[in-house]
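The structure appears right after this line, and notes come after that.
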Amino acid sequence: MVMGAVLAGWLTGCSGCGEQKKGEEESAPYEQQSPRFDADSAMQFVADQCAFGPRVMNSAAHDSCANYLANQFERLGAKVTTQEADLKLYDGTKVAACNIIASYRTDLPTRILLCAHWDSRPWADQDEDEAVQHEPIDGANDGASGVAVLLEVARQLQQQGPSVGVDLICFDAEDCGMPEWDQKDADSDHSNTWCLGAQYWSQNLHVKGYQARFGLLLDMVGGMNTVMRKEVFSMREVPSLVDRVWSTGQLLGFGNIFVNEMGGGVTDDHIQVMRTGIPCIDIIGSDKEKGSFSTTWHTQQDNIQHIDREVLRAVGQTVLEVVYTEK
Ligand code: AHN
Ligand code: ZN
């Protein structure tokens with residue numbers, strides 16, 4: 001079902017009246033190429049991850065979830081590679097990180113990269129309530145949502161093989177960047193304290209000389225009251241890819257989510273992916289009204305109760321359509 005086309009037909013008065021007025025050209029409705037993205041299934045993948053508890057570095061929940069993700073992707077027919085790394089947080093804390101990579105059609109040299117981070121933030125440093133700021137968060141939106149879309153995409157890739165190779169990467173240790181209370185010098189650049197798993201991957205590719213035609217990063221793609229604004233670095237580096245994804249979303253009827261608005265610039269895993277020469281954009285949710293990240297961002301409110309499956313659907317179906325229209 002293509003909402004945009006139905007609405008366009010209604011506006012020109014041709015829907016339901018049987019016949020098209022003479023001389024009036026109605027553009028053919030967009031014909032979806034991809035299998036149907038199941039938002040209920042994606043929602044279950046969010047719930048499964050959240051059920052482990054916060055997936056923060058060096059926790060039992062983190063290890064259990066790593067096993068879960070590798071097992072799920074294997075069950076879904078992917079070739080799974082795990083990349084383990086001993087990394088250090090901004091304060092010197094040693095952490096055992098694990099990037100999880102699921103590959104389809106490894107026989108094909110032409111590849112597309114889809115990615116998201118799977119760890120959750122160890123601190124709710126944006127929470128109004130100071131008492132809970134040092135507690136870890138569920139990261140239902142910030143973490144689990146992007147990975148849930150990747151898992152549902154994997155389920156579809158298993159059922160209908162794509163005509164290009166697809167690699168799904170779950171990056172670890174994205175979200176342990178320096179918390180507010182340790183940012184004593186507001187001017188100094190803390191950007192390298194984020195995206196540690198992706199930094200490691202960019203310097204230790206899982207396949208020697210790995211390349212992909214392009215990459216799509218999914219971050220906070222399931223929050224309530226969310227829209228996708230065009231991220232600054234994505235627009236600066238690969239505007240044609242941003243245009244393609246946004247216009248695909250709009251053709252599928254998700255113009256309410258993929259809006260023609262600019263957002264801010266975000267220090268995110270796509271910057272690390274681009275260091276390898278792969279053009280990569282960030283599909284990142286922000287608050288419809290606020291213009292910045294969601295009100296639940298890095299708070300204890302980032303839980304399953306604040307996930308909207310229609311946002312998961314909009315992003316998931318759009319990503320699938322981009323994958324299945326790539327020849
Ligand atoms: C910063 O706020 C520096 N980066 C945002 C990247 C991020 C954090 N995405 C999700 N959580
Ligand atoms: Zn975060």
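The values are calculated or read from the model by the stated rules, or taken from the named source; none is laboratory data. The structure presented is a predicted model; accordingly, all values stated were derived computationally and were not measured. Glycine gets a Cβ as well: all are built from the backbone with ideal geometry, and neighbour counts include every protein chain shown. Only protein heavy atoms, including side chains, enter the accessible area calculation; ligands, DNA and RNA are left aside. Shrake-Rupley method; radii C 1.70, N 1.55, O 1.52, S 1.80 Å.
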Seminar exercise, completed: The one condition MET57 fails out of (1) touching a strand residue (DSSP E or B) at 6+ places or on another chain (Cβ under 7 Å); (2) within 16 Å of ligand 1 (Cβ to nearest atom); (3) open to solvent by 40 Å² or more (accessible area, probe 1.4 Å) is (3)
For this session: Would you tally the residues in the range 162-192 being within 10 Å of ligand 1 (Cβ to nearest atom), open to solvent by less than 10 Å² (accessible area, probe 1.4 Å) and small (Gly, Ala, Ser)?
Result: 1
Seminar exercise, completed: Residues in the range 166-180 that are over 14 Å from LEU217 (Cβ atoms) and more than 16 Å from ligand 2 (Cβ to nearest atom) total 1
Exercise. Applying the selection to the range 52-63, what residues are closer than 17 Å to ALA140 by Cβ and part of a helix (DSSP H, G or I)?
Worked result: ALA61, HIS62
For this session: Using the structure shown, decide if TRP123 is modelled with pLDDT of 95 or more, within 16 Å of ligand 1 (Cβ to nearest atom), open to solvent by 10 Å² or more (accessible area, probe 1.4 Å) and aromatic (Phe, Trp, Tyr).
Result: yes
For this session: Output the number of residues of the range 54-81 satisfying the condition of being in contact with an Asp or Glu (Cβ under 8 Å, 6 or more places away or on another chain) and closer than 22 Å to HIS134 by Cβ.
Result: 5
Exercise. Residues in the range 208-259 that are in contact with a Ser or Thr (Cβ under 8 Å, 6 or more places away or on another chain), more than 16 Å from ligand 2 (Cβ to nearest atom) and either closer than 23 Å to ILE169 by Cα or among the aromatic types (Phe, Trp, Tyr) (or both): how many?
Worked result: 12
